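A quick write-up on the structure given underneath.
Every number here is computed from the coordinates shown, using simple stated rules; none is lab data. What you see is a predicted model, and the numbers here were worked out from it, not measured in a lab. Methodologically, a virtual Cβ is constructed for each residue, glycine included, from the backbone with ideal geometry; neighbour enumeration extends over all protein chains shown.
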Amino acid sequence: MMVEPWLLDSVAEYNQSSLNNRDGYSAFVLLPIRHLENILKWAFEALPDEILIGFDPEQSKPISQEMNDLLCGSEHQPELFAGQVFLIGEPHLVNRGDSFSVHHVPEEWVDDLFSNDRGSRGARFTHWMHTHPNCVAIPSAADADAAQYTQGVDMILGIEFSPEGPLPWFEDAEGFRRPLKTEIEEKKGWGSWRSRNRKPVLGRAPTGHFIHGLELIAFHRTGVGINVFLVDDDGNPHGLGPDY
Ligand SMILES: [Zn+2]
């Protein structure tokens with residue numbers, strides 16, 4: 001897998017935190033890291049817009065019994081949402097816009113998209129994700145409304161980056177936050193971010209932006225949180241050792 005090392009580091013920490021907190025969730029999803037990396041690239045290319053991504057379950061990749069035993073919490077509900085027993089499939093970029101319009105896919109555009117990609121019935125995607133550029137990954141009222149029609153889960157990817165453009169970092173929202181990496185090592189010596197009064201850098205986007213933080217959450221339309229594990233293409237969570 002050709003995923004950037006800084007992203008793999010962050011993912012390992014995120015997965016460990018997901019595992020430690022599994023009893024706090026009713027269910028979990030497995031999102032391939034490769035998809036996350038693609039989505040990040042699209043997110044930066046679409047700035048300052050948010051983007052909306054649709055996914056179907058990967059029917060050829062059921063979640064193994066071993067993973068189920070490991071990742072289920074004590075409150076697990078086996079039939080909470082559609083596609084629950086499969087890895088999340090390929091991401092499809094569906095829309096871009098501000099925090100309200102991103103959820104409203106224009107009808108003529110939907111016709112095109114669905115006729116080419118979704119068959120004549122215009123079937124909807126099972127899972128959805130949208131981005132929060134320079135904003136925490138906590139659902140807004142508009143996000144909660146949009147999720148009422150989701151058969152699978154809704155995900156939000158919060159990205160803190162610079163240069164900020166028109167979007168200074170915003171975190172005035174109540175909710176449970178799930179950063180990909182909680183502590184970033186301080187670089188020593190000349191060029192240290194502290195001495196230049198800059199935020200630590202997690203990684204670099206293909207567009208050249210500095211990424212200072214990533215947050216990822218998933219939730220069910222009833223409002224309960226869904227645990228997320230970031231996996232390789234075989235469904236193994238990265239960074240959880242063989243003994244877990
Ligand atoms: Zn939102």
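Structure above, values below:
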| quantity | calculated |
| --- | --- |
| Spacing of the two label points (7 Å from each Cα toward its C-beta) at Asp234 and Leu167, in nm | 3.6 nm |
| Hull volume in cubic angstrom per residue (convex hull over the Cα atoms of the range 120-168) | 103 Å³ |
| Net lengthening on full extension, Ser60/Asn20 (0.36 nm per residue, minus Cα-Cα) | 11.6 nm |
| Over the range 21-106 - Rg/Rh using Cα atoms and the Kirkwood inverse-distance radius | 1.05 |
| Using θ = phi - 60° and Karplus 6.51 cos²θ - 1.76 cosθ + 1.60, couplings along the range 38-50 (whole Hz; Gly, Pro as x) | 4, 5, 4, 4, 4, 4, 6, 5, 8, 4, x, 6, 7 |
